[in-house]
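Asks: Please see the structure below; I have some questions.
The values are calculated or read from the model by the stated rules, or taken from the named source; none is laboratory data. All figures in this text were calculated on a predicted structure; none of them were measured in a lab. All Cβ positions, glycine included, derive from the backbone under ideal geometry; neighbour counts span all protein chains shown. Accessible surface is based on the protein model in full, side chains and every heavy atom, while ligands, DNA and RNA are left aside. Shrake-Rupley method; radii C 1.70, N 1.55, O 1.52, S 1.80 Å.
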Amino acid sequence: LPVLIKQALENTEMEEGKSVSLRCELSKADATVVWKKGEATLQASAKYEMKQKGTVAELVIHNAEPEDA
């Protein structure tokens, strides 16, 4: 069966320069998640931190800027 998103991302407002966390819940534990901004695939770095535990996938954006919207 395909993996479905049970709980989608929510719009989040934050202060420039702070960290923001985006989470979604999947229908299957430990499914492969690819985070994208438009067509660009995000890679783990000092700016982008990807976490996954069970059915919850999380993207943390450090030092957020308006361009991260």
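Asks: Looking at the chain, which trypsin sites (Lys or Arg not before Pro) are DSSP coil and have at most 15 other C-beta atoms within 10 Å of their C-beta?
Replies: Values: sites: Lys6, Lys18, Arg23, Lys28, Lys36, Lys37, Lys47, Lys51, Lys53; in loops: Lys18, Lys28, Lys47.
Qualifying residues, ordered by number: Lys18, Lys28, Lys47.
Asks: How far apart, in nanometres, would the label points at Glu65 and Thr32 be if each is projected 7 angstrom from Cα along the Cα-to-Cβ direction?
Replies: 3.1
Asks: Sticking with this structure for a sec: Under the definition of Cα pairs under 8 Å and six or more residues apart, what whole-number percent is the relative contact order of the chain? If you can, show how the numbers build up before the last one.
Replies: Details: 109 pairs, mean separation 25.2, N = 69.
So the answer I get is 36 percent.
Asks: Say a site is exposed when it is one of the GluC sites (Glu not before Pro), sits in a DSSP loop, and has at most 15 other Cβ atoms within 10 Å; what is then the longest site-free stretch of the chain?
Replies: 40-69
Asks: Still on this structure, please answer the following. May I ask you to derive the FRET efficiency for Glu25 and Ser45 from their Cβ-Cβ distance with R0 = 22 Å, giving the value to the nearest 0.05? Please report the intermediate quantities before stating the final value.
Replies: Working: r = 24 Å, r/R0 = 1.11.
After rounding to 0.05, the efficiency reads 0.35.
Asks: Residues of the chain: accessible area per residue at 1.4 Å, in Å²? Please list the in-between numbers first.
Replies: Numbers: 5250 Å² over 69 residues.
Ligands and nucleic acids excluded, the result is 76 Å² per residue.
Asks: Give me the three principal axis extents of the range 5-68 from the C-alpha atoms, as integers in angstrom, largest value leading.
Replies: 33, 21, 21
Asks: Considering only protein heavy atoms and a probe of 1.4 Å, how much of the accessible area of the range 5-68 is carbon and sulfur, as a whole percent?
Replies: 47
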